[in-house]
Each structure stands twice: as C-alpha cells, then as structure tokens.
1. Rg and Dmax of segment 3-104, Cα atoms, in Å?
2. Would you mind calculating the relative contact order of the chain from Cα pairs under 8 angstrom and at least 6 residues apart, reporting the percent as a whole number?
3. Run lengths n ≥ 4 of DSSP H only: what is the helix-derived mean residue ellipticity at 222 nm for the chain, with -39500 (n - 2.57) per run over all residues, to the nearest 500?
4. Could you order peptides 22-28, 47-53, 12-18 by the average number of other Cβ atoms within 10 Å of their residues, highest first?
5. If you average the C-alpha positions of segment 83-105 and of segment 1-51 separately, how far apart do those two centres end up, in angstrom?
6. By how many nm would the segment from residue 47 to residue 17 lengthen if fully extended, with 0.36 nm per residue of separation less the alpha-carbon distance?
7. Enumerate the helices in the chain for which the Kyte-Doolittle hydropathy averages 0.5 or more and the C-alpha atoms extend at least 18 Å along the helix's axis, using complete DSSP H runs.
Amino acid sequence: MQVAEVIRDLACQLQAFIRNLAGAHALSPTQAQILFTIPPDGLSMSEVAKRLGLDASTMSRIIANMVAQGWVRQTPDSRDRRVTLVRLTGEGDILYRQLLEELEAQLALVLKGLDSDGQELLLAPLEDLAWRLMKARL
C-alpha cells in the first residue's frame, strides 16, 4: 500500500469511529468534531471552520444549533471585537469529556495488541503527519 492509501484508509476508519460515537449521543459527526476542536480558552469561528474544512455559513448554522442546545457559547474576542470566539459551556464540556473518554476507550481496544514501545514508536510520526496535514491547509 502507498502512504496516501494508508492515510486515506486511516481517515475513513477514524471518521467511522466519530460518526458512531456522535450518533450514540444524538450528535452529528460535525458537532462532535467541533466539540473535539474547541480548546478550553475558545477558538474563533473562522479557525474552527478552517480546521474542519467548513465554509462560514455552514459553520454559523451549526454553531447556532449548538448554542441553542447549550453546548457552546459565542463571545467577542477581547483583543479584536470583530472576531467571535466559540467556547464550550459547562454542559458542552461534560459532553466533550464523555465523547473523549469513549473515543479513548475504543482506541485503547484497537491498540491493545500493541505494547507501549510500539505505541511510542507511532506517536512521533503521527504527530508529524498531523502537523503536516494542518500546515498544508493553511
């Protein structure tokens, strides 16, 4: 298999994990990805959209729905009032932690046959790949 094929297959498998996890919590996969993307101090709407490959109008609609559900809130950035930050609410943080715990448990089962040395060997190349993929989209 070529590297591109492995990356494509890996992405498909991870998306399936997230789709199943999201469905179990009555979320769309995109809503789950947004919860995974927002750091504790918040992130601009445009940065969330860029990280997930969404256009501004789609992002606005999904965030409005998540605000209505009580999972996120929008606040102006104190450094630039033109920028809207998205932050998790208390309820959103609880949901995020549940999703993360379940995803980590599922991935732990997948990695069960791989000892800690093997997992450690995977870490640096995967981090590098994630960084390169993010950089390529800028």
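1. 14.2, 43
2. Details: 99 pairs, mean separation 28.2, N = 138.
RCO, the chain: 20 percent.
3. Details: 6 runs with 96 residues, N = 138.
When only DSSP H runs of four or more count, the value is -23000 deg cm²/dmol.
4. Values: 22-28: 14.0, 47-53: 16.3, 12-18: 12.3.
The peptides rank, most packed first, as 47-53, 22-28, 12-18.
5. Using only Cα atoms, the two centres lie 13 Å from each other.
6. Working: separation 30, 0.36 × 30 = 10.80 nm, distance 2.37 nm.
Result for the pair: 8.4 nm of gain on full extension.
7. Numbers: long enough: 3-24 (32 Å, 0.74); 56-69 (20 Å, 0.61); 90-111 (31 Å, 0.35); 116-136 (30 Å, 0.02).
Sorted by number, the helices that extend far enough and score high enough are 3-24, 56-69.
The numbers here are math on the coordinates, done by the rules we state, and not lab data. The model shown is predicted, which means the values in this text are computed figures rather than measured ones. Heads up, the Cβs are rebuilt from the backbone with ideal geometry, glycines too, and the neighbour counts pull from every protein chain shown.
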